[in-house]
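Taking it in order: structure first as structure tokens, then the write-up.
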Amino acid sequence: MKRRNFLQGSAAAVAASGLASPAIAAQPQVLKYVPQANLSSIDPIWTTATVATLHGYMVYDTLYGIDDKLLPHPQMVAGHTISSDKLTWTLTLRDGLAFHDGAPVRSADCIASIERWGKRDGFGQYMMAITNEMKAVNDKTFTIRLKKPFALLPYSLGAEGCFIMPERVAKTDAFKQITDATGSGPFVFQPKEFVSGSQVIYTKNTKYVPRSGPASYWAGGKVAHFDRVEWKIITDPATSAAALQRGEVDWWENPIFDLLPTLEKAKDVTVEALDPLGALGIIAFNHEQAPFNSHAILRALLHAVDQKEYVQAVLGAQAGKFGKYPAGYFTIGSPYANTVGLEALSGPRNIDLAKKLIEQAGYKGEPVVLMSPSDQPQLQIMAQVTQDLYQKVGMKVQYQSMDWGTLVARRAEHKPASQGGWNSFCTTWGGLQVANPGGSYPLRGNGKGGWFGWPTNPDIEALRNQWFDAPDLAAQQKICEQIQARAFHDVPFIPVGQWVTPTAHRSNLTGFVKCGVMVFWNVKRV
């Protein structure tokens, strides 16, 4: 007898006997997910790694959230008032906010979290520079008193990962990693089940009170439908694809492009693009160490970089469908994208000229340590193309393969490459993050206070400050043209193309929120 028929017969017999059926506990709803990389840090303020940002939106909430039109809305705050001189903002928290340990979210927690975020984030650094004081009025209300008006304050707090932590955690030095992931968001991190390189476990925050209204990007109601979310760290794309097709996992964040045709034909698998802006691929440089401490050498490389080659290498046959180039220093599709100076990347490529200019700039044959993440296929392909590029222009390349977690840790080193430092690596930036000069980490020019590579460029910093104060979109766009012109002259990084990476999931999942990173609220099984 089949087990199902046996169980049905047993149930019928119990019903016929008049005996009460024993209560059967409902099975927990579990979502199994394959992230793009291992979670090597639980601190989304300390690192800009995308996987840490995904983790951040799992466990934390934000004071504001942006919608799919990139407009800010109250999230943890019930609302705010602004003084007549526009210098004092009064924010009031909504009811029902509590951390995972049961403690209520207080004004002191918010202030400490903003201060820590403000030491690392681009928008945050500017906001803190023009802030006179943040002060708690009571446990649910606090004020931010500014030196000058700042209309972008809600956007800053809602679009730039200003995650609210308990005060005791937020008091951690912003340049040191936290060890406690207590948040107030819709999911709870389970440290006892966390195995780096293997699995990350989250459970539903049953006490979370979602905001009313539909979810849109990072705003609106964040409703958790799964009791448990299991991140499975699988570094081999073929293994991930097979597990998804067999139903062993429910969702694979970043399938490689070569496997998309297979997944699109697979039974009960859906492939779709959830990120409306995609990502910008870049070559990052260590501006503190030779040879990339020379603007002339960096400008020479522009003649050799072929964005089409990068896009085709990463996307393969899908390049025409999901790739975009030429791409400048601002996301294609954002209101700040422009063509000023873009001929440096869109014109004819000239390897010989690049090689000649590099020699004239004084390249002395220094080894170039190029870090490549073995567990991130897109970035690994980009690094391989970059290795070939460096060799063609006469540079001595030391291609060093490592996992993404090791790369993330090593890129923070200021030591010379010969002593465990680095010279270059490739990465991608979410389209939202590099859509404007306020939030673009790699476009900063604030030296050691900036993103990894630490370029120093007072001109870009001055223009960025002007952008914050610009009276309207037209004025902001004009400033962005000036910033891009300066960037092509000093080359803080080199953009190598833009693309959208679709995600793949079991077809019985629905409710996905389209936004800059994968989020897990509203996703449910049907």
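Would you be able to say whether some residue in the range 388-404 is at pLDDT below 95, in the same structural domain as A344 (by TED's automatic domain parsing) and either out of contact with any Ser or Thr (no Cβ under 7 Å at 6 or more places or on another chain) or crowded, with 16+ Cβ neighbours inside 10 Å (or both)?
For the range 388-404, residues at pLDDT below 95, in the same structural domain as A344 (by TED's automatic domain parsing) and either out of contact with any Ser or Thr (no Cβ under 7 Å at 6 or more places or on another chain) or crowded, with 16+ Cβ neighbours inside 10 Å (or both): present.
Of all residues in the range 145-163, count the ones that are over 18 Å from P44 (Cβ atoms) and either touching a Leu at 6+ places or on another chain (Cβ under 7 Å) or surrounded by fewer than 14 Cβ atoms within 10 Å (Cβ to Cβ) (or both).
Residues that pass the stated criteria total 6.
Assuming A462 fulfils every condition listed in (1) in contact (Cβ under 8 Å) with a residue 24 or more places away in the chain; (2) within 25 Å of F292 (Cα to Cα) apart from one, which condition is it?
Only one criterion in (1) in contact (Cβ under 8 Å) with a residue 24 or more places away in the chain; (2) within 25 Å of F292 (Cα to Cα) is unmet by A462, namely (1).
Quick check on this structure: which one of F330, F285 is within 21 Å of the chain's Cα centre (by Cα) and farther than 23 Å from G516 by Cβ?
Answer to the selection: F285.
Conditions: (1) within 30 Å of T456 (Cβ to Cβ); (2) under 23 Å from the mean Cα position of the chain (by Cα). V311 meets all but one. Number of the miss?
With (1) within 30 Å of T456 (Cβ to Cβ); (2) under 23 Å from the mean Cα position of the chain (by Cα) applied to V311, the lone miss is (1).
Can you tell which of G221, G278, G213, G247 is at positive phi and modelled with pLDDT of 95 or more?
Step by step, each of G221, G278, G213, G247 is checked, and only G247 is at positive phi and modelled with pLDDT of 95 or more.
Quick test of your reading of the structure: A296 fulfils all but one of (1) touching a residue at least 12 places away in the same chain (Cβ under 8 Å); (2) assigned to a loop (DSSP other than H, G, I, E, B). Name the failing condition by number.
Just one mismatch for A296, condition (2).
Could you list all residues from the range 419-449 that are under 21 Å from M371 (Cα atoms), without any contact (Cβ under 8 Å) to a residue 60 or more places away in the chain and assigned to a loop (DSSP other than H, G, I, E, B)?
Across the range 419-449, the qualifying residue is only G420.
Name the strands (runs of 3 or more DSSP E) wholly within the range 60-164 that hold at least 2 residues that are more than 23 Å from N465 (Cα to Cα) and within 27 Å of the chain's Cα centre (by Cα)?
72-74, 77-82, 88-93
Name the single residue that is nearest to M76 (Cα to Cα) among those in the range 167-177 being touching a Lys or Arg at 6+ places or on another chain (Cβ under 9 Å) and part of a loop (DSSP other than H, G, I, E, B).
Checking each candidate, the answer is K171.
Quickly run through the range 112-143 and pick out the residues that are of a type in the set (V, I, T) and over 21 Å from E461 (Cα atoms).
I114, V137, T141, T143
Would you mind stating whether W499 is surrounded by 19 or more Cβ atoms within 10 Å (Cβ to Cβ) and in contact (Cβ under 8 Å) with a residue 40 or more places away in the chain?
yes
Just to check your reading of the model, which residue among I351, I332 is surrounded by fewer than 22 Cβ atoms within 10 Å (Cβ to Cβ), in the same structural domain as L389 (by TED's automatic domain parsing) and under 17 Å from G430 (Cβ atoms)?
Criteria check complete, one pass: I332.
Which helices (runs of 4 or more DSSP H) does the range 317-413 wholly contain that include 3 or more residues that are over 25 Å from A279 (Cβ atoms)?
Counting at least 3 such residues, we get 351-360.
The values are calculated or read from the model by the stated rules, or taken from the named source; none is laboratory data. Nothing here was measured: the structure is a model prediction, and the numbers come from that model. In this analysis, Cβ positions are derived from the backbone assuming ideal geometry, glycine residues included, and neighbour counts consider all displayed protein chains.
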